[in-house]
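Here is the structure we will look at, set down as C-alpha cells.
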Amino acid sequence: MRVWAAWLAAAACCWSQGFSHRGLLDTRLVAYPQTAPGDSGRAVAESLLRYEAFYRISPRWQVAGAFDARADTHHYTQRSWGLAWQDRTRRRPAFAARRMSAIYQRGRLTAEVGKQFIRWGKADVLNPTDRFAPRDFLAVVDNEFLAVNAARLTYGSAADTLDLVWSPRFTPSRIPLLNQRWLVLPEGLPEGLRLRDAGSRFPGGSQFGVRWNHVGSGFDSSVCYYEGFNHLPQIDARLLGLFPLRVELESYYPRLRMYGGDAALPLPWFTVKAEAGYFTSRTRRSQQYLLYVVQLERQAGEWFLVGGYAGEAVTAGPSSPGFDVERGLTRAFLARAGYTIDANRSLALEAAVRQNGKGAWTRLEYSQAWGQHWRSTAALTWIRGQPDDFLGQYHRNSHVSVVVRYSF
Amino acid sequence: MSRTVLAFLLAALAAWGQDARAIVEETQRRARSTSQRYEGSLRVIDGRGKITEKRWRYDRLGTAGHSKAILRFTAPAEVKGVALLVVNHPDRSSDQWMWTPALARDRRIALQDRATRFFGTDFTFEDLEERDVDQFDFRLLGQETLEGALCWRIEARPKQKKISQYTSSLVWVRQDQHVVAQIENYSKDQLVRRLRYAEFEKVEGIWTARILEMFDRRRNSRTIMRLERLQYNAPMKEEDFTLQALRREL
C-alpha cells in the first residue's frame, strides 16, 4: 500500500504532457426477482473505485498502473485490507493492483513487462483465441477482464506485427462461488448433500503465445499459437463421507495448446469477422475441440449491428465437469445492436440463443450521461432455458441492474 | 465555324477544370508541414440547444496524402483515452483503427462505417481523414464573397477509388490567403454537412483557421472546434503512429 501511495505521489508531482490519468467511482445495484437454490438474496449492491495512471519517464520508457478498491453486500469481495498483486483468489480482493507494467519502446519494438491486459482476436461476443484474457465470472453474464503477469514483446511495421507473450505465473478466471446463485448444481443431487470448496490446484508452469497479425489493403488477419493452461477450470469431486453425504470440490486447470486465427474483411455492405481456435490438451479427461465464430457487422447511421454464430466441434476426449463459459456460449446465435440516441444517450441489446432452443440470454441496456462526469445505466438481463443447458441453468438469475458512475 | 466554337468551349472548360485543380493544389502546398499538433476543444450543440463539451489531442506526421494521425480524447473523463489512428493514402481512402481502453482492444473502422458520427460529435470518421488533391476531380464554378472575403467556389467529386459517403462537395477557397473557408458536403445533391473555417491566423508561416464549425443538416446540430496549442513541424517519430502506439495511451 505504501509503495502504491509513493507511486501515486510521484506521478502527481510529474504532471505534464507525459502524464495521464483517469478514474471512476461505480455504484451498482442488482435486483433478482427470483431466489435461487442455496441463495435467498434478491439484491446485491457493489461499489468500485478505479484509478489508472500512465507516465512517460523518457521517450523510450513508460509506466502504467491501475488500482481498484471494492466493496459489496454479497461477499463477492474479500473483507481484508491487504493489497492484492495477483488475481488468484476465489473472491475479489478489496484492494488490488489492477495493472502495473513498464513499457519500453524503440523503433518498431515495444516491450511490456508486468501486470497487463493482453487481448487477442477480432470477434465481439466470444473470442476463442483470446488466451491471455481471464475474466471475473462471479456473476457469469456481467464479467470483466483480469490482467495477467507477463512479458510481451511486439515487433511491428505498418503492415505486420509479431507478438510474443510469456507469462511465468498463471492467472485463472474467477468462477462463481459456492452457495451463491451463479453456481448452479446439477438437478437430482441427494438432499442434505454438503459441499466443501477445496480451493484451486494452480499449475506451476509458464504460458507462451505468439501471434502474427497482417494488415492488408482493406482487411486484417492473424494466426496465433498458445501453449499453456485453460484459465477456465475443470472440477474434481471427492467423497469425504457418506453420513452425512459430504463432497469436496477442487478446481484444476488443464494444459491447453491452441492453434488459432482470425480475420476481418470489410465488404460493401458489412464487415465479415471470423475467429477460430483448435484446442488440444495433454491433461487426461480433457477434450480436443474446435471453437469458431463467424459474424457480420455493420454501422449504419446511429446503429451498430452485429450478428453471428458461435460453433464447436469436439474431435476427441471425454467430457469432464467444469466451468467453461466459452464453450457454453457456442452452438449459439449471437447478436448485438446499439443505437446512439444523441450525444448523451444510447440503447444496446445483446443476445445469445442456443441453436437447440434450450437456453437464451438477452440484455437490454439504456445509458445516459449527465454533464461531464456522471452516467447512469439501467439494464434488464433476461435468461431462459432448461437446467441441462449452460445458459438455461441460470434461468432463475434474470435481473435488473442500475449503475451510477462518476468518471474523473 | 461551329466546330471551332465547340473546340474553344472544350478548351475553355478544360482550362477551367485545370484552374480548379491548380487552386486546390496551391492551397494544399501552402498548408504543407511535416507535422501538426493541436488540442481541440469541442462544443457539440444538438438540435435542442443542449451543449456537450469534449477535448482531444491531435498529432499528425507527414504531408498530404502520405500522413498518419493519432487523435486522443482527453475529456470528458468517461471517454478519456479513446483514440483513433488514421493512415492516409494518396491513392485511396484512409485506414482507420479505434482504441477503446475499457475493452483494451483496437478495432478497424470499415469503409462502409465511415459515415458514422465520431463519438457524439458532428464529424464523421471520414471527415477526420485528409482530403488529398489526387483523390478528387475539381471544377471551378465561379467566385463568391464569403464573410467579406472573395473566394473561388470549386466543386470536388471523389474519384472512383476514393470511397466516400459524399457524392460531391463544394469548396470555397479564399483568394487572399489561399485557404479553405468552407466546405459543403452533398449526398445525391442534398446538403449533408457544412464545415466552416474561421479566425484565420498565420502560425509558423501557415494560414490556419483557429475555429472549425461542422453543421449536420439532418440532425440540425453543430460542433464547434477551437484549435489550441497549435504547432507545425514539431519533431515526431514514425513509431508513434502505429497500432502499438495507439495502445500505449500516451
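Taken together, the values in this text are just the output of simple stated rules run on the coordinates, not laboratory data. No experiment lies behind these values; they were computed from the predicted model shown. Every residue, glycine as well, gets a Cβ built from its backbone with ideal geometry; the counts of neighbours run over all protein chains shown.
Look at the dipole of chain B built from charges on Cβ: of B:Pro158, B:Pro235, B:Trp207, the Cα furthest out on the positive end belongs to B:Pro158.
Computed over chain A, the per-residue total of -39500 (n - 2.57) for DSSP H runs of n ≥ 4 gives a 222 nm mean residue ellipticity of -1000 deg cm²/dmol, rounded to 500.
Given +1 on the Cβ of Lys and Arg, -1 on the Cβ of Asp and Glu, and no further charges, what dipole in debye does segment A:253-332 carry about its Cα centre, rounded to the nearest 20?
520 debye
Using θ = phi - 60° in the Karplus curve 6.51 cos²θ - 1.76 cosθ + 1.60, the 3J(HN,Hα) couplings for segment B:68-73 round to 10, 9, 10, 10, 10, 6 Hz; x is entered for Gly and Pro.
On a full-extension model of 0.36 nm per residue, what is the gain between B:Arg218 and B:Glu39, subtracting their alpha-carbon distance, rounded to one decimal in nm?
Details: separation 179, 0.36 × 179 = 64.44 nm, distance 2.77 nm.
Working it through step by step, the gained length comes to 61.7 nm.
Relative to its Kirkwood radius, the Cα radius of gyration of segment B:2-248 gives an Rg/Rh of 0.98. Computed from the C-beta positions of A:Thr35 and A:Leu193 and an R0 of 22 Å, the FRET efficiency is 0.70 to the nearest 0.05.
For the protein assembly as shown, just run the numbers: alpha carbon Rg, then divide by 2.2 N^0.38 Å, N being how many residues it has. Don't skip to the answer; put the middle values down first.
Working: Rg = 27.8 Å, N = 658, 2.2 N^0.38 = 25.9 Å.
Normalised Rg, Cα atoms only: 1.07.
B:Arg193 sits among other residues whose Cβ lies under 9 Å from its own Cβ, and their net charge, with Lys and Arg +1 and Asp and Glu -1, is -1. Inter-chain neighbour count for B:116-123: the average number of beta-carbon atoms from partner chains within 10 Å of each residue's beta-carbon is 3.
Inter-chain Cβ neighbour count for A:51-57, averaged per residue, equals 2 (cutoff 10 Å, partner chain atoms only). Could you tell me the center-to-center distance, by alpha carbons, between segment B:179-250 and segment A:349-375 in angstrom? Answer, in whole Å: 35. The residues neighbouring B:Thr124, those whose beta-carbon lies less than 10 Å from its own, together hold a net charge of -3 under the Lys/Arg +1, Asp/Glu -1 convention. Fewest neighbouring Cβ atoms within 10 Å first, the residues A:Arg106, A:Arg135, B:Arg43 line up as A:Arg106, B:Arg43, A:Arg135. In segment A:19-407, the C-alpha radius of gyration followed by the widest Cα-Cα span (Dmax) gives 21.4, 68 angstrom. Label sites at A:Trp212 and A:Leu162, each approximated as a point 7 angstrom past Cα along Cα to Cβ, lie 0.8 nm apart. Taking Lys and Arg as +1 and Asp and Glu as -1, the other residues whose beta-carbon sits under 9 Å from that of A:Ser367 total +1. Take every Cα pair under 8 Å whose residues are at least 6 apart in sequence, average their separation, divide by the length of chain B, and the relative contact order is 20 percent. Measuring against 23 Å, Cα to Cα, the residue pairs B:Lys54/B:Lys237; A:Lys115/A:Lys273; B:Lys162/B:Lys188; B:Lys159/B:Lys188; B:Lys68/B:Lys159 contain B:Lys54/B:Lys237; A:Lys115/A:Lys273 as the ones spanning a longer distance.
Around the Cα centre of segment B:2-248, unit charges on the Cβ atoms of Lys, Arg, Asp and Glu (plus for the first two, minus for the last two) sum to a dipole of about 620 debye.
Tell me the relative contact order for segment A:19-407 as a rounded percent, counting alpha carbon contacts under 8 Å between residues six or more apart. Working shown, then result.
Details: 1061 pairs, mean separation 47.5, N = 389.
About 12 percent, as a whole number.
Applying the Karplus relation 6.51 cos²θ - 1.76 cosθ + 1.60 with θ = phi - 60° to segment B:116-125 yields 3J(HN,Hα) values of 6, 5, 8, 6, x, 8, 8, 7, 8, 4 Hz, where x marks Gly and Pro.
Ordering B:Leu85, B:Leu150 by the number of other Cβ atoms within 10 Å of each residue's own Cβ, fewest first, gives B:Leu150, B:Leu85. With Cα atoms defining each centre, segment A:82-150 and segment B:114-170 are spaced 43 Å apart in the structure.
Near B:Arg105, the amide H atoms lying under 5 Å from its own belong to B:Thr100; only residues 5 or more places off or on other chains count, and H is placed 1.01 Å from N.
Considering only A:Tyr278, A:His399, A:Ala71, the residue lying farthest towards the positive end of the dipole of chain A is A:Ala71, judged by Cα position with unit charges set on Cβ.
Each label point was placed 7 Å from the Cα along the Cα-to-Cβ direction; for A:Ala316 and A:Ala102 their separation is 4.4 nm.
Taking the Cα centre of chain A as the origin, how large is its charge dipole in debye, to the nearest 20, when only Lys and Arg (+1) and Asp and Glu (-1) carry charge on their Cβ atoms?
Values: 50 positive and 35 negative charges, 196 e Å.
Charge dipole, chain A, about its Cα centre: 940 debye, nearest 20.
Legend: ranking of residues A:Asp220, B:Asp91, A:Asp160 from fewest to most surrounding C-beta atoms inside 10 Å; resulting order B:Asp91, A:Asp160, A:Asp220.
Straight-line reach from B:Lys50: taking Cα to Cα under 22 Å and skipping same-chain neighbours fewer than 8 places apart, the lysines in range are B:Lys80.
Counting Cβ atoms of other protein chains within 10 Å of each Cβ in B:102-115 and taking the mean gives 6.
Report note on the peptides A:290-296, A:309-315, B:118-124: ranked by the mean count of other C-beta atoms within 10 Å, highest first, their order is B:118-124, A:290-296, A:309-315. Going by Cα centres, segment A:292-329 and segment B:35-55 are how many Å apart? With segment A:292-329 and segment B:35-55 each reduced to a Cα centre, they are spaced 38 Å. What the phi angles of segment A:390-403 give under the Karplus curve with 6.51, -1.76 and 1.60, with θ = phi - 60°, is a coupling list of 4, 6, x, 4, 9, 5, 8, 10, 4, 7, 10, 9, 10, 10 Hz, glycine and proline written as x.
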